[in-house]
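Beneath this line is the structure, given in structure tokens, with notes to follow.
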Amino acid sequence: MPKLISKTLGGLLLAASCAVPLQAETLAEIYQLAVSNDAELRAAHAAYNAGKQSIPRARAGLLPTLSGSIELTDGDGDTSSFRTLNFPGQTFNAGAAGHNDDETEFYSLSLTQPLFDLPAWFTFQQGFDLDQQASANLAAEQQSLIVRVAVAYTEVLRSSEDLITAKAEQRAIGRQLEQTKERFEVGLLPITDVHEAQAAFDAARVNTLEAEGALDIAFEALEVMTGQPHTELAGLAAEFPIAPTEPADREAWVKFAQDNNFTLSAARLTMQAAEKNARAKRAEHLPRVSAKLSYSNYHQDGSFAPNGKSTQPFSRDDEPLVFSVRMDAPLYSGGLITAERKIAQQEFIHAQETLLHTQRSTTQQARSQHLKVKTNSARVEARSQGIVSARSALEATQAGYDVGTRNIVDLLISQRLLYRAQRDYANARYDYILSMLNLKEVAGLLSPDDINKLNAWMRPDQVVGKSDSRVKL
């Protein structure tokens, strides 16, 4: 799962290196930049690397521990030691007082191996679930990046389509306004027609300004993921195919989602990890048995000078090797073990309910996204036909206006309907693309290969630029 992106990234890089430098950036190029620079994905990689340490950390509770210590001391000072001795008929003090000078060296090495520790065993089993959970979370974030890049990229194209139609509408209404003024000046039209055309032109100018701002904002959204500014992108080919889902059966996609959805897999692994943690906490009251092998070396050299007497040297050596078996049983810990056991049980219940909610949500998302793909596919065809109908209606209205059977309001309405139909058609195509990617993400089937396939329909010669740069109309 963590190799979901890396397995095709090399192909993308090779294709990019062999291609002739293009005027506009393509979807694949934007995606490559996002893979390298997206902060959310890099954070997910850090979380993944941390999660992969779950097994080594959990295994440590079952493996032996080896510890050693060294202690060196140097003592120098006065000392006295006396005790009272009682004998029949007499009592006297025995002992000595004087100056003591000694040096001590102490070395120790101990090996401890757990023999019976159920909490450590369940914690070890939990480590495998946490390890797989880290992989599932990373794979989910990798898929999320694909969708986020596609959303941001298509939002630029969508905003560009809106700007193109807004400018075209403004130009058309502007020409209509000029003709209306000319006809008014020769007495062929009333002043109300001029006012109607002027109002429509002013509204078109506002729409153009809003479209320019939306386009620049869409370009800025790309920079959040790539960390680099962008000014020109490749547009979507007009012949981009609208194909039905494969398979067509909705329940088949639900089955895919239940088996492969990474968010659902992560929730399932979270529940399994919480269950093992609860079992570990329930076992905290049980005794723990461990074996210990220790070796130490004690050496002391020194001298003692009793008051008024000559110095007496002394030396001591001790080198024991000890094997022991130890059992520890918590009898009372102030209620800590009981409280932790109850917390772990409730966390397990929480994980169970979260898994159930995720399962239901995944099913609902698979069905709804499948329906969106089907609906958007039909919308594209209907919107395409809508453009033909709107253009025919505009031509008829224009002819009626030229002969005086239709007024300026009818003509302006027909023009708006045509441009609205063009915008709706463009939006329907982008909605279809995103709904298909969302469906594959829910089903756990989304991969960088989908970016490659979509990128094949991007045309670098169809430049989509920011509002303050060159935009081909």
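The values are calculated or read from the model by the stated rules, or taken from the named source; none is laboratory data. Not measured: the values here are computed from a predicted model. Counting neighbours? That spans all protein chains shown, and the Cβs are built from the backbone with ideal geometry, glycine included.
Which of (1) modelled with pLDDT of 95 or more; (2) surrounded by 13 or more Cβ atoms within 10 Å (Cβ to Cβ) is the odd one out, the single condition Ala46 does not satisfy?
For Ala46, the failing item is (2).
So in region 267-286, with the set limited to residues that are at pLDDT below 95 and either among the acidic types (Asp, Glu) or outside any helix (DSSP H, G or I) (or both), which one is surrounded by the most Cβ atoms within 10 Å (Cβ to Cβ)?
Glu284
Between residues in region 313-338 that are within 23 Å of Glu284 (Cα to Cα) and residues that are surrounded by 10 or more Cβ atoms within 10 Å (Cβ to Cβ) and among the β-branched types (Val, Ile, Thr), which pairs lie under 9 Å by C-beta distance while being six or more apart or on different chains?
Going by the 9 Å Cβ cut-off, the qualifying pairs are Val325/Val289; Arg326/Thr112; Arg326/Val289; Met327/Val289; Asp328/Val289; Pro330/Ile337.
Got a number for residues in region 357-395 being surrounded by fewer than 13 Cβ atoms within 10 Å (Cβ to Cβ), of a type outside the set (S, T, N, Q) and farther than 30 Å from Lys440 by Cα?
Residues that pass the stated criteria total 2.
Within region 451-473, how many residues turn out to be buried (at least 20 other Cβ atoms within 10 Å of the Cβ) and closer than 30 Å to Asp259 by Cβ?
The total comes to 2.
In region 396-416, which residue that is touching a residue at least 40 places away in the same chain (Cβ under 8 Å) and assigned to a helix (DSSP H, G or I) is surrounded by the most Cβ atoms within 10 Å (Cβ to Cβ)?
Checking each candidate, the answer is Leu412.
So which residues in region 231-252 are touching a Ser or Thr at 6+ places or on another chain (Cβ under 7 Å) and either small (Gly, Ala, Ser) or part of a helix (DSSP H, G or I) (or both)?
Answer for region 231-252, where residues must be touching a Ser or Thr at 6+ places or on another chain (Cβ under 7 Å) and either small (Gly, Ala, Ser) or part of a helix (DSSP H, G or I) (or both): just Ala234.
Give the residues of region 377-391 that are free of Cβ contacts under 8 Å to residues at least 60 places away in the same chain and not small (Gly, Ala, Ser), sorted by residue number.
Listed by number, the residues that qualify are Arg379, Arg383, Gln385, Ile387, Val388, Arg391.
Does Tyr419 qualify as being out of contact with any Gly (no Cβ under 7 Å at 6 or more places or on another chain), in contact (Cβ under 8 Å) with a residue 60 or more places away in the chain, of a type in the set (Phe, Trp, Tyr) and farther than 18 Å from Ala172 by Cβ?
No, not satisfied.
Right, Ser135: of a type in the set (S, T, N, Q), assigned to a helix (DSSP H, G or I), modelled with pLDDT of 90 or more and touching a Pro at 6+ places or on another chain (Cβ under 9 Å) or not?
Answer is yes for this residue.
Suppose the filter is touching a helix residue (DSSP H, G or I) at 6+ places or on another chain (Cβ under 7 Å) and at pLDDT 75 or above; does Phe122 pass it?
Spelling it out, Phe122 is indeed touching a helix residue (DSSP H, G or I) at 6+ places or on another chain (Cβ under 7 Å) and at pLDDT 75 or above.
Looking at Leu446, Leu412 in this structure, which one is modelled with pLDDT of 85 or more and of a type outside the set (Phe, Trp, Tyr)?
Going through Leu446, Leu412 in turn, just one is modelled with pLDDT of 85 or more and of a type outside the set (Phe, Trp, Tyr): Leu446.
Go through region 178-230 and give me each residue that's more than 21 Å from Tyr31 (Cβ to Cβ) and in a loop (DSSP other than H, G, I, E, B).
Val186, Gly187, Leu188, Leu189, Pro190
Working only within region 389-420, note down all residues that are among the hydrophobic types (A, V, I, L, M, F, W, C) and either in contact with a Phe, Trp or Tyr (Cβ under 6 Å, 6 or more places away or on another chain) or within 25 Å of Thr208 (Cβ to Cβ) (or both).
Residues satisfying the conditions are Ala390, Ala393, Leu394, Ile408, Val409, Leu411, Leu412, Ile413, Leu417, Leu418.
Return yes when Thr26 is surrounded by 13 or more Cβ atoms within 10 Å (Cβ to Cβ), modelled with pLDDT under 85 and not charged (D, E, K, R) and no when it is not.
no
Are any residues in region 417-450 of a type in the set (Ser, Thr, Tyr) and either part of a helix (DSSP H, G or I) or buried (at least 21 other Cβ atoms within 10 Å of the Cβ) (or both), and if so, which ones?
Tyr419, Tyr425, Tyr430, Tyr432, Ser435
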